[in-house]
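The values are calculated or read from the model by the stated rules, or taken from the named source; none is laboratory data. Only a predicted model underlies this, so the values are computations on that prediction, with no experimental measurement involved. Note: ideal-geometry Cβ built from the backbone for every residue, glycine included; neighbour counts use all protein chains shown. For the accessible areas, the whole protein counts, side chains as well, though only heavy atoms, and no ligand, DNA or RNA atoms are used. Shrake-Rupley method; radii C 1.70, N 1.55, O 1.52, S 1.80 Å.
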Amino acid sequence: MSKTQQMMLAIGGVFLMGFLLVGSNKSSTPEQREAQAMIRAVSAMQEMASKKCPAAIKKHTGSQVYFTSNTDTDKETYVKLEWVGEKGDNFKTASCTLHMAVGGISELVIDGKKVIDKEV
């Protein structure tokens, strides 16, 4: 065998070992897959709530909200975000609940008055 053929064989062996190592590390248990799916679901729910709720509050009050004062979730079905109005805002408190079953905002309460109230 020439040096070129030996080099090509060595490079091929390195690639084969790499594929084998990556392939053997891909197996995960059902519990790990379930935990990963739950994390993705909670993340998606939180992202949807952080986009839809501030837009709904701005639509109904005219004030833009940025940072929540409180967040509540059961990590499966709903996310509830709360804001406290600052000086210059057109509201004192706002609460927005997003349910996955509804696929959007199920309840929006501004200063104790229900603006959106959908059955879950």
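Taking the conditions exactly as written (closer than 12 Å to Met45 by Cα, modelled with pLDDT under 95, surrounded by 14 or more Cβ atoms within 10 Å (Cβ to Cβ) and hydrophobic (A, V, I, L, M, F, W, C)), does Val65 satisfy them or not? No. Condition check for Asp72 on (1) part of a loop (DSSP other than H, G, I, E, B); (2) open to solvent by 60 Å² or more (accessible area, probe 1.4 Å); (3) of a type in the set (Asp, Glu): one failure, at (1). The condition of being without any contact (Cβ under 8 Å) to a residue 40 or more places away in the chain and touching a strand residue (DSSP E or B) at 6+ places or on another chain (Cβ under 6 Å) holds for only one of Ser63, Ser95, that being Ser95.
Considered as a group, the residues in region 75-101 that are open to solvent by 50 Å² or more (accessible area, probe 1.4 Å) and in a strand (DSSP E or B) include one that is farthest from Lys58 (Cα to Cα), and that residue is Tyr78. Scanning region 102-119 for residues that are under 16 Å from Ala49 (Cβ atoms) and open to solvent by 80 Å² or more (accessible area, probe 1.4 Å) yields a count of 1.
Every test in (1) touching a residue at least 24 places away in the same chain (Cβ under 8 Å); (2) more than 30 Å from Ile105 (Cα to Cα) is passed by Met7 save one, and that test is (1). For Lys26, the test of being open to solvent by 60 Å² or more (accessible area, probe 1.4 Å), more than 26 Å from the chain's Cα centre (by Cα) and at pLDDT below 90 is failed.
The set of residues in region 46-60 being free of Cβ contacts under 8 Å to residues at least 40 places away in the same chain and open to solvent by 50 Å² or more (accessible area, probe 1.4 Å) consists of Gln46, Glu47, Ser50, Lys51, Ala55, Lys58, Lys59. Taking region 36-57 as the range and being of a type outside the set (A, V, I, L, M) and either over 14 Å from Ile105 (Cα atoms) or at pLDDT below 90 (or both) as the test, the residues that pass are Gln36, Arg40, Ser43.
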